[in-house]
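Trainee: I'd like to ask some things about the structure below.
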Amino acid sequence: MIETRTDLAMEAFENTDGGPLPGVRVSHWEQDGIEITEVVVTDNEAARQLGKPKGTYLTLESHLLKERDPDARLAMAALLGEEIDRVLPEGDGAGPVLVVGLGNRAITPDSLGPGVVDRTLVTRHMLGGPLKGNPMESVCAIAPGVLGVTGIESMELVEALVKQVKPRAILCVDSLAARDSRRIGSAIQLTDTGIQPGAGVGNHRKPLTAQSVGTPVISVGMPTVIYAATLAKDAFAWLNARTGDGDAHEAALEDMERSLLEGELGDMIVTPREIDSIIQDAAGIIASGINRALQPRLSDAEIAAMMD
């Protein structure tokens, strides 16, 4: 049977038929028109079954984001900011927050991280001296690029920066892969488990976690791609529902994946044709949430003025 791949913990749980799973707690609620799902993975066996590390995963969803609804975008940014603030360790002069935008600027579905860094208010270089005592918190940011472009692993750069900057926390942003195409551009996942760069497209790299760098790592991401095999599986499931020939369709699907969807080029990955606007909107929403969380004593107007 074809493996269904996703970076969203809520979808990984749904793939287990959504029934009770020891070691996993799932909660659903709604706030300001945003659908919220929290998945808490508490033991190693549950983590193995879900394919997700132990920790807390919060997914915020609003399908109005795809319609560019201004109220939905404001609500999403505000709620994301609140949740980031909730999981960040206390400041108290313990060092800056380092924002890391993972991904490749040259490939649109993978450019979310760099796009967020471009919209993040960085302040570390402005603090101290004549500005000592101002209301801004210390923030620095980097978009390290990808191994194929720089020849340097993202983790190597981040590890070097951690030694020099000594951040109190790392906030990393990356593009994700979804199981359900409807969540592309409409869902944001926040987790305290860190991230594995490139995992969304099967390009596994050294993980960026609290264990690997010695400081808390919070990750934020939005689905921007889906595997072609996943779409094909959904199509065959629909066909089976119409005809009832489940076994024949499953065999045909596996044969199609081997023959057409993998081949010499490897797994085929699909993204919407409007991905440019999805990335621009998502980068703005996520950066707004990050700026609100990292600069609690500045108003939205003050943050916007500082970004000009």
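Trainee: Restricting to region 277-308, and then to whatever is part of a helix (DSSP H, G or I) and polar (S, T, N, Q), can you tell me which residue is farthest from Leu79 (Cα to Cα)?
Mentor: The qualifying residue farthest from Leu79 (Cα to Cα) is Ser277.
Trainee: Another one. Please verify whether Lys66 is at pLDDT below 95, farther than 20 Å from Asp180 by Cα, among the basic types (Lys, Arg) and surrounded by fewer than 21 Cβ atoms within 10 Å (Cβ to Cβ), treating the condition exactly as stated.
Mentor: no
Trainee: Inside region 13-32, can you point out the residues that are closer than 23 Å to Ile286 by Cβ, surrounded by 13 or more Cβ atoms within 10 Å (Cβ to Cβ) and either in contact with a Phe, Trp or Tyr (Cβ under 7 Å, 6 or more places away or on another chain) or of a type in the set (Ser, Thr, Tyr) (or both)?
Mentor: Correct list: empty.
Yes/no per residue for (1) of a type in the set (D, E, K, R); (2) over 21 Å from the mean Cα position of the chain (by Cα); (3) assigned to a loop (DSSP other than H, G, I, E, B):
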{"position": "Arg5", "(1), (2), (3)": "yes, no, yes"}
{"position": "Pro53", "(1), (2), (3)": "no, no, yes"}
{"position": "Ala75", "(1), (2), (3)": "no, no, no"}
{"position": "Asp85", "(1), (2), (3)": "yes, no, no"}
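Trainee: Name the one entry in Arg25, Arg68 that is on the phi < 0 side of the Ramachandran plot, out of contact with any His (no Cβ under 6 Å at 6 or more places or on another chain) and not aromatic (Phe, Trp, Tyr).
Mentor: Arg25
Trainee: Ok, one more. One residue is enough: does region 78-90 have a residue meeting the conditions acidic (Asp, Glu), touching a strand residue (DSSP E or B) at 6+ places or on another chain (Cβ under 6 Å) and modelled with pLDDT under 95? Spell out how you get there, then give the answer.
Mentor: Within region 78-90, the first condition is being acidic (Asp, Glu), and the residues that meet it are 82-83, 85, 90.
Those left that are additionally touching a strand residue (DSSP E or B) at 6+ places or on another chain (Cβ under 6 Å): 83.
Adding the requirement that they be modelled with pLDDT under 95 leaves none.
No, region 78-90 contains no residue that is acidic (Asp, Glu), touching a strand residue (DSSP E or B) at 6+ places or on another chain (Cβ under 6 Å) and modelled with pLDDT under 95.
Trainee: Further question: Let me confirm something: among Ser277, Ser212, which residue is under 30 Å from Asp85 (Cβ atoms), surrounded by fewer than 17 Cβ atoms within 10 Å (Cβ to Cβ), in contact with a Gly (Cβ under 9 Å, 6 or more places away or on another chain) and modelled with pLDDT under 95?
Mentor: Ser212
Trainee: Across region 33-53, what is the total count of residues that are over 10 Å from Ala12 (Cβ atoms) and either surrounded by fewer than 16 Cβ atoms within 10 Å (Cβ to Cβ) or hydroxyl-bearing (Ser, Thr, Tyr) (or both)?
Mentor: 8
Trainee: So which residues in region 14-37 are more than 30 Å from Asp71 (Cα to Cα), assigned to a loop (DSSP other than H, G, I, E, B) and within 21 Å of the chain's Cα centre (by Cα)? Walk me through how you get there before you give the answer.
Mentor: Going through region 14-37, the residues more than 30 Å from Asp71 (Cα to Cα) turn out to be 15-25.
Restricting the remaining residues to those that are assigned to a loop (DSSP other than H, G, I, E, B) gives 15-23.
Once the filter is applied, which keeps residues that are more than 30 Å from Asp71 (Cα to Cα), assigned to a loop (DSSP other than H, G, I, E, B) and within 21 Å of the chain's Cα centre (by Cα), region 14-37 yields only Asn15.
Residue-wise test of (1) modelled with pLDDT of 90 or more; (2) under 19 Å from the mean Cα position of the chain (by Cα); (3) under 27 Å from Met10 (Cβ atoms); (4) hydroxyl-bearing (Ser, Thr, Tyr).
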residue: Leu208; (1), (2), (3), (4): no, yes, yes, no
residue: Ser219; (1), (2), (3), (4): yes, yes, yes, yes
residue: Leu231; (1), (2), (3), (4): no, no, yes, no
residue: Asp234; (1), (2), (3), (4): no, no, yes, no
residue: Thr243; (1), (2), (3), (4): no, no, no, yes
residue: Ala248; (1), (2), (3), (4): no, no, no, no
residue: Leu261; (1), (2), (3), (4): no, no, yes, no
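Trainee: Shifting gears a bit: Return the residues of region 185-206 that are among the small types (Gly, Ala, Ser), modelled with pLDDT of 85 or more and buried (at least 22 other Cβ atoms within 10 Å of the Cβ); say none if nothing qualifies.
Mentor: Answer for region 185-206, where residues must be among the small types (Gly, Ala, Ser), modelled with pLDDT of 85 or more and buried (at least 22 other Cβ atoms within 10 Å of the Cβ): Gly185, Ser186, Ala187.
Trainee: When you go through (1) more than 13 Å from Ala293 (Cβ to Cβ); (2) touching a strand residue (DSSP E or B) at 6+ places or on another chain (Cβ under 8 Å) one by one for Ile107, which number turns out not to apply?
Mentor: The number of the failed condition is (2).
The values are calculated or read from the model by the stated rules, or taken from the named source; none is laboratory data. Here the structure is a predicted model, which means the values were calculated and not measured. Backbone-built Cβ (ideal geometry, glycine too); neighbour counts: all protein chains shown.
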